[in-house]
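Notes follow once the structure below has been shown.
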Amino acid sequence: MSEYLPLILFAVVFIVILSGYPVALTLGGLSVLVGIFVFDVDFFYLLTLRVYGTMGNFVLLAVPLFIYMGIMLEKSGLAESLLETMALLFGRFKGGLAIAVVIVGAMLAASTGIVGATVVTMGLISLPTMLKRGYSKSLATGTIASAGTLGQIIPPSVVLVLLGSVLNVSVGRLFQAAVVPGALLVICYILYIVIMAHLFPEKAPTMPTEELKAFYQKGVLKRVFKAFVFPMLLILAVLGSIFAGVASPTEAAGVGALGATLLTILSGKFSLQVLKDVMRETSFLTAMVFMILIGATAFSLVFRGLEGDDLLISLIKSADLSPNAFLIAVLLTVFVVGFFIDFIEIVFIIVPVVAPIFAALGIDLVWIGILLAVNLQTSFLTPPFGFSLFYLKGVSPPEVKTLDIYKGIVPFVLIQLVFLILLIVFPDIVSFLPRILSE
């Protein structure tokens, strides 16, 4: 019975979390109690060393900086300006407004990396406009939810920063590996919208001719330049400095935080109150992440102290699971668990348990990181529990029902699942860019 204690601990933690208890306190509290019972008071000494080691991780400093950057950009009004300009640029095409939403969602993902903020921002700005233009509720909500969730995979993603820390792989390399999958996913979304717009033109009409004429008569180049140049400069400053090897992800996050502040000042939206609000929200989200991280550190210490990773490896060997079968089992587990708990808890609870097993099986952990990020993104979108759907429903007009959002998101979830299978079957999609940049 004692040899199965790690699995019992794992199961109890999940049951208690699903019962509604705070994740950080559940992870830390149960782990400390089991640690004292099994390892005596010396456990506290080991835990202190592990916590100090985790908190001293330079890479994790990127988390509050990227969060600050995303929230500050949300206050700058750049997203609104960018979306309005993109909508008019693509307005003459069927489904042009929805295409603009996907592209702006990708650019916001590359500027902020925070899913909740992007979905809420896109929902507030674009959903009323799409409904006013005659878009079907399902296509409009599905497009916004899926585009807003691109922040899970397109760098600089907070998810990738945390995965890099837990998997013990280079965050910069994860960012490089995510670029091609992120771009291909955007293209898949756009292709679906184009096909839908041509098959069902009443669901995705073109913009009114009068608005398009007015747009092209009022200094279109100046407006496009103003809307695009600042976000693109920020993206280039953050990702360009990482890919060029000039800055680490943490240093680039500092550049991004400063850049977002300067853009807010230039847009005329900066004030002392805005700065206070951004710092308050950043502190709250950062404290939440690191409280969970401390709890997860305690859980990981106890789980490995009880030889839980060895037990899992022996169970896999006795079950005669191939590396691919184990990978599929993990992805399915993460997908289902992603319905109920946030990505931060999944990254800190499940990934540390399976990472040593993937390493022992000789599987590329960078590839695993990208698969997990896309998998988490898919579970974020999947009815009935997808977090992005809840974010969007919270800012939707009263006439948009939950069923409309569920109907709209199903095709995008299918696209995600097919895309995830492609990444598993063709791992070169992930390794292509890092290999080119390292040559």
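Taken together, the values in this text are just the output of simple stated rules run on the coordinates, not laboratory data. On a predicted model such as this, the values are computed, not experimentally measured, just so you know. Please note: Cβ atoms are built from the backbone with ideal geometry, for glycine as well, and neighbour counts cover all protein chains shown.
General remarks:
- Per residue Cα convex hull volume in Å³ - calculated over the chain: 151
- What the Cβ-Cβ distance of residue 221 and residue 424 gives, at R0 = 30 Å and to the nearest 0.05, is a FRET efficiency of 0.10.
- For the residue pairs 203/401; 94/132; 132/276, alpha carbon separations beyond 25 Å are given by 132/276.
- When you restrict to C-alpha pairs under 8 Å that are six or more residues apart and normalise by the size of the chain, the relative contact order lands at 27 percent.
- FRET efficiency, residue 11 to residue 92 (Cβ-Cβ, R0 41 Å, nearest 0.05): 0.15
- Given their separation in residues at 0.36 nm each and the Cα-Cα distance between them, residue 237 and residue 184 gain 16.8 nm when the chain is fully extended.
- The range 84-100 residues near the modelled residue 198 label - backbone nitrogen below 15 Å, point 7 Å along Cα→Cβ: 93-96
- Taking a ≥ b ≥ c as the square roots of the eigenvalues of the Cα gyration tensor, the range 330-422 is classed as prolate, since a/c reaches at least 1.5 and a/b is larger than b/c.
- Averaged over residues, the count of other Cβ atoms within 10 Å places the peptides 254-265, 153-164 in the sequence 153-164, 254-265, highest first.
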